Amino acid sequence: MSEQTENLLLLYLLQCRAKDFIKRFEAQSNRCFTGVYSLYRLAYSNYLLLSDDDWNPSYISVIEQCRKGCREIHEYLQTINSIPNSFESDLKHHFKCFAYYEDDEDFEWMLDGSLSQLISLGYREIDCLLYEAGMKLNYSEVEHLLELGANPDIHISGDYSPAEIEKVDINDTYCLRVDVNTRLSDAIDLDGIYTYWENGVRNETQSIGTNDIYSFFQGAAYRLMELLISEKTVNRIQT
């Protein structure tokens with residue numbers, strides 16, 4: 001069972017309640033760099049999650065209000081401490097801890113076949129490596145492989161050849177772009193991130209589960225991966 005905390009500062013941040021967050025922060029009179037940096041990192045993760053434009057219309061009212069509150073928290077924290085230029089690389093390093101697959105998990109576990117088996121079936125090695133790098137949140141490797149021509153939209157499975165895979169249920173296959181989006185969607189819907197935003201708009205207090213913080217970071221990590229994939233593939237089409 002997830003441990004619960006009544007930390008109102010964290011709650012207001014996650015719920016995008018800017019006025020409540022700022023008031024609580026000022027009352028604590030604690031502006032140490034490490035603490036502020038951690039809050040900024042979480043606020044930025046929330047910003048990443050809210051930045052998606054592909055929302056169900058029924059969500060838009062909540063999303064727009066939370067975007068505004070999140071932006072205000074984000075900008076406020078920037079006035080407290082200077083954020084280093086290394087923030088982006090630091091964030092990617094931090095996000096690596098929230099990868100769906102551990103570094104030692106192999107292709108048999110991820111794609112139902114060893115790399116040599118997948119290649120023998122007709123899949124390109126570069127596409128298999130891209131799936132591994134993407135799901136393990138190796139951002140620099142994903143960027144490199146995409147620049148080399150790897151395809152994030154290929155469906156892969158060690159149980160089928162590329163010709164056979166076109167005839168099977170996509171739920172029985174693995175596709176980087178799809179699976180990255182699934183991790184993001186699950187964090188928001190199944191893990192309850194949207195509930196935080198919805199309760200925040202209503203000014204409703206709730207306990208924070210430690211697993212919920214994990215979900216915010218993991219969702220944001222895969223949102224960042226989604227953005228990277230989209231940017232690189234759009235650039236490829238344009239050029």
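Within segment 26-35, the set of residues being open to solvent by less than 70 Å² (accessible area, probe 1.4 Å) and either part of a loop (DSSP other than H, G, I, E, B) or at pLDDT 95 or above (or both) comprises just one member, C32.
Scanning segment 50-62 for residues that are within 15 Å of A220 (Cα to Cα) and surrounded by 15 or more Cβ atoms within 10 Å (Cβ to Cβ) yields L50, D52. Name the single residue, out of those in segment 38-49 being free of Cβ contacts under 8 Å to residues at least 60 places away in the same chain and aliphatic (A, V, I, L, M), that is most open to solvent (accessible area, probe 1.4 Å). Residue satisfying both the conditions and the ranking: L39.
Pairs are defined by a Cβ separation below 7 Å, a sequence spacing of at least 6 or placement on different chains, a first member in segment 79-106 that is open to solvent by less than 50 Å² (accessible area, probe 1.4 Å) and at pLDDT 95 or above, and a second member that is among the polar types (S, T, N, Q) and outside any loop (DSSP other than H, G, I, E, B); the pairs so defined are F98/Q218. Residue pairs whose Cβ atoms lie under 7 Å apart, separated by 6 or more positions or on different chains, with the first residue in segment 8-37 and of a type in the set (G, A, S) and the second assigned to a helix (DSSP H, G or I), are A18/G69; A18/E72; A18/I73. Note on segment 200-239: residues that are touching a residue at least 60 places away in the same chain (Cβ under 8 Å), touching a helix residue (DSSP H, G or I) at 6+ places or on another chain (Cβ under 9 Å) and polar (S, T, N, Q) total 6.
Only one entry in S161, S116, S140, S120 is surrounded by fewer than 21 Cβ atoms within 10 Å (Cβ to Cβ) and closer than 24 Å to G219 by Cβ, namely S140. Checking each residue in segment 201-223 for being of a type in the set (A, V, I, L, M, F, W, C) and either open to solvent by less than 10 Å² (accessible area, probe 1.4 Å) or not in a helix (DSSP H, G or I) (or both) picks out I208, F216, A220, A221. Exactly one residue among D172, D153, D179 is of a type outside the set (V, I, T), within 23 Å of A221 (Cα to Cα) and loosely packed, with under 13 Cβ neighbours inside 10 Å, and that residue is D153. Residues in segment 52-70 that are farther than 14 Å from Q15 by Cβ and either hydroxyl-bearing (S, T, Y) or in a helix (DSSP H, G or I) (or both): P57, S58, Y59, I60, S61, E64.
The values are calculated or read from the model by the stated rules, or taken from the named source; none is laboratory data. Just so it is clear, the structure is predicted and the values come from calculations on it, not from any experiment. Cβ coordinates were reconstructed from backbone atoms using ideal geometry, including for glycine residues, and neighbour counts include every protein chain displayed. For the accessible areas, the whole protein counts, side chains as well, though only heavy atoms, and no ligand, DNA or RNA atoms are used. Shrake-Rupley method; radii C 1.70, N 1.55, O 1.52, S 1.80 Å.
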